[in-house]
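Heads up, the thing below is written out as structure tokens.
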């Protein structure tokens, strides 16, 4: 009996370590996608429901991928209220840092239901043209937010749901990057290893 319980605990630990490794890989994949040339060159679709962060009422172009990468590389932290912040105060005080803070606080879902709704919005846009730069940025930041929330989730069921939303957001990222390049009806796949 004792051996079975120990074996079950070891199997559970291995499952969580495998999932953590997968999530870390997918997080790095999403950051690497930010650095791909041309990601921010897609045209914005007029009247699109998800919009950019406004500064002075005008639409603002997303930050260059290398600037966003530098901000994210500095690290984020999740406060007790569920908001993500840039750890490096100096970087956070720059214009791109303030813009990222606004995105994280106002445009990235802070709960599981919001993340699932955002995922559904992206899935609904799958058949259309590539996402606008703003929407693609929101897609990546929502996925990144899921990774942080997955690590602080205390219940197994909640962790599994965060992991599932993250894996599906990563899949949507690949779908969007593949538009115009992949054969029709044959979308890219993360494979069975990405299924939590």
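The values are calculated or read from the model by the stated rules, or taken from the named source; none is laboratory data. A quick note: this is a predicted structure, and the numbers were derived from the prediction, not measured. Every residue, glycine among them, receives a Cβ derived from its backbone with ideal geometry; neighbour counts consider all protein chains shown.
Restricting attention to segment 51-104, which residues are modelled with pLDDT under 80 and either closer than 17 Å to residue 146 by Cβ or in contact with a strand residue (DSSP E or B) (Cβ under 6 Å, 6 or more places away or on another chain) (or both)? Within segment 51-104, 52, 82 qualify.
Residue selection: residue 126 fails the criterion of being assigned by the TED database to the domain that holds residue 173, farther than 22 Å from residue 179 by Cα and surrounded by fewer than 22 Cβ atoms within 10 Å (Cβ to Cβ).
Yes/no matrix, rows are residues, columns are (1) assigned to a helix (DSSP H, G or I); (2) at pLDDT 90 or above:
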| position | (1), (2) |
| --- | --- |
| 122 | yes, yes |
| 127 | no, no |
| 141 | yes, yes |
| 160 | yes, yes |
| 170 | yes, yes |
| 174 | yes, no |
| 177 | yes, no |
| 187 | no, no |
| 190 | no, no |
